[in-house]
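Remarks on the structure that follows.
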Amino acid sequence: QRRINMIIELNTASDIPIYVQLRNQIVLGIGRGELKSGESLPTVRQMAQDTGINVMTVNKAYGVLKAEGFIEIDRRHGAKICPRVDNGVQYREKVEEELELLITETMLKGMKKEEFIKKCEEIYNRQQLVLE
């Protein structure tokens, strides 16, 4: 039984689906260096038990992570964190779409461009230190 060295925080009252929250928590764990390349994740059943969510929900999150290239899944060895790779044009298009939505929401909520850019730089620089 594999336990990961990070805390998974899921909010059942959130509008964000649980499988997306789990996916996001794992991606953030990779980004923070809490999950390293080649490290194993718990089995789907173990993750479901550890987090108190449905096995199918964990399976869906793992499927998304695999499709996005964050993990690889092998029947005998389970799910493992993949090395970082550049996903090229398709990934850049995804980033652009997500940034467009985030920037639009930010503008509608009244955040100024300078504050948004400053926050982006702070977070980017913090993550860059962790990932180097």
Problem - Residue list for region 39-86, filter: closer than 18 Å to Ile16 by Cβ and of a type in the set (Lys, Arg) - result: Lys60
Practice task
Scan (1) open to solvent by less than 50 Å² (accessible area, probe 1.4 Å); (2) touching a Gly at 6+ places or on another chain (Cβ under 6 Å) for the single condition Leu41 breaks and write down its number.
Solution key: (2)
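How about region 46-102: which of its residues are among the acidic types (Asp, Glu) and not in a loop (DSSP other than H, G, I, E, B)?
First, the residues of region 46-102 that are among the acidic types (Asp, Glu): 50, 68, 72, 74, 86, 93, 96-98, 100.
Across region 46-102, the qualifying residues are Asp50, Glu72, Asp74, Glu93, Glu96, Glu97, Glu98, Glu100.
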Handout entry: Residue check for Ile71: touching a Cys at 6+ places or on another chain (Cβ under 7 Å) and under 25 Å from Tyr124 (Cβ atoms)
Key = yes
Problem - Residues (surrounded by 11 or more Cβ atoms within 10 Å (Cβ to Cβ) and of a type in the set (Asp, Glu)) located in region 104-132 - result: Glu115
Exercise for the section: With the checklist (1) farther than 30 Å from Lys119 by Cβ; (2) of a type outside the set (Lys, Arg); (3) open to solvent by 50 Å² or more (accessible area, probe 1.4 Å) in hand, flag the one item Val89 doesn't pass. Expected result: (1)
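The values are calculated or read from the model by the stated rules, or taken from the named source; none is laboratory data. Owing to the predicted nature of the structure, the values given are computational and were not obtained by experimental measurement. For neighbour counting, all protein chains shown are included, and Cβ atoms are generated from backbone atoms with ideal geometry for every residue, glycine included. These accessible areas exclude ligands, DNA and RNA; they are computed on the full protein's heavy atoms, side chains included. Shrake-Rupley method; radii C 1.70, N 1.55, O 1.52, S 1.80 Å.
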